[in-house]
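Remarks on the structure that follows.
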Amino acid sequence: MIAATAMCAAAATEAAAQTPPGSLVLNEQLQLGDVVAGEVLNVVDAQDQVTVTTTARGNEISGAVQNDSLTATSRQTLRGSTTASTSLTLGGDTAGTVTAVTQARGNYLAAGAYDANLELSSRQDVDDVYVGAASEITGEEARLLGGGSVQAAAIANTTAIGGETAVIAADIDQTSAATVRAENFMGSRYVPGSAEFSSQALANAAASNGDLASGQALTVRQRSSGESVEADTSANAANAWDLAGRANAGANQAVFYNQGGALVVASDQGNAGRVSASGVVTAYDFGAATVQARGVGNELSAGNNDIYLEIDNVQLNSGPIDASAQFSGGNGYDVYVGADAAGNVVTGYACSECQGVIDARNSQTNAASVTAVAGATVQGSARAVVAGSNAVGNSATFYVSRPAN
């Protein structure tokens, strides 16, 4: 089946000036079959860059309003699996940068408001299916002379809102029963350029960013009940000068930022599935090696670079959380290894120079194990090894600070 796609735009140019004030969008999308995207490439002695993009989406809608108002109601349902895969075999010397982006998304909604008012009601549901993104780069004799940037991301539900000089009111409801997995593997002989490999797996993701003189009132409800949400990164080379592997997994994530007006957030997050992040980097000879793994059940971040921030937050996690970061090498210079795991996390901040005020009500409950493990093995010699692990059941941080220039 092909992903259902809907596009809407309101009053973006002079040609749209004839549109009556106050546009209305009603959207309903149902995807029943599987959505699959895949690429397989064999490249030998590339003289320049190697760039690959692979994307699979079940349901998608995007739209924006300018100098007007828009009321939008959207319902997206996914009942089939969504998978994206990239397999890249490299031979000999690759002179340019290797760039690969592999994304699998179940339901996706993006909305924008510019000098406008936006009222949004969005509901996204994913059944007990599989949402997965996999990236693989192999070649026993491969030499990535220009380094690389390789990403794999799998997200069941996504809602993204942006605005400038906007008034935004949004009600976001996301439910996922899916198994979500992102995996990224690289194996090569020689990587003298900077190279980073990352994986991200999320069941539900919501974000809103209001700049300039904007005000936002946001309500978000997120539920994740799938078997697992997993991110796995493994980056390996015989000789690497600057190699990084990062893995990030989360059940529910909500990130909101505002500037120039009030930000009012009511958030309710619940997770019942396993969340796991695993990062591995190996190199016999190495310059700098970095491994990071982060796993979180429920996470809310709300920041206002203005006077008033209100947060009403409820988080319940009953699924096990684990993060593992491991490095293994022979001889080299600097090794950095970090693992972070948390059941529930909330962060709220406002502007001190604006005489900012935070009004926060917070309730967090974690009823599952939380484990973070970081390890490094150097069989020969190294100049520095820095490792850290942090595991916490519930974390709440609220602060008023000076905005960065």
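Here is the figure for region 267-281: residues that are of a type outside the set (Lys, Arg) and open to solvent by 40 Å² or more (accessible area, probe 1.4 Å) total 3.
For region 229-264, filtering for residues that are of a type in the set (S, T, N, Q), closer than 26 Å to Ala374 by Cα and either open to solvent by 10 Å² or more (accessible area, probe 1.4 Å) or not in a strand (DSSP E or B) (or both) leaves 5.
Screening Tyr349 on (1) open to solvent by 60 Å² or more (accessible area, probe 1.4 Å); (2) of a type in the set (Ser, Thr, Tyr); (3) out of contact with any Leu (no Cβ under 8 Å at 6 or more places or on another chain) shows it passes everything except condition (3).
Just a yes or no: is a residue in region 28-46 modelled with pLDDT of 95 or more, open to solvent by less than 50 Å² (accessible area, probe 1.4 Å), not in a strand (DSSP E or B) and not hydroxyl-bearing (Ser, Thr, Tyr)? Yes, some residue in region 28-46 is modelled with pLDDT of 95 or more, open to solvent by less than 50 Å² (accessible area, probe 1.4 Å), not in a strand (DSSP E or B) and not hydroxyl-bearing (Ser, Thr, Tyr).
The values are calculated or read from the model by the stated rules, or taken from the named source; none is laboratory data. All of these numbers come straight from a predicted model, not from anything done at the bench. Quick reminder, even Gly has a Cβ in these numbers, built from the backbone with ideal geometry, and neighbours come from all protein chains shown. These area figures cover heavy atoms from the full protein model, side chains too; ligands, DNA and RNA do not enter into them. Shrake-Rupley method; radii C 1.70, N 1.55, O 1.52, S 1.80 Å.
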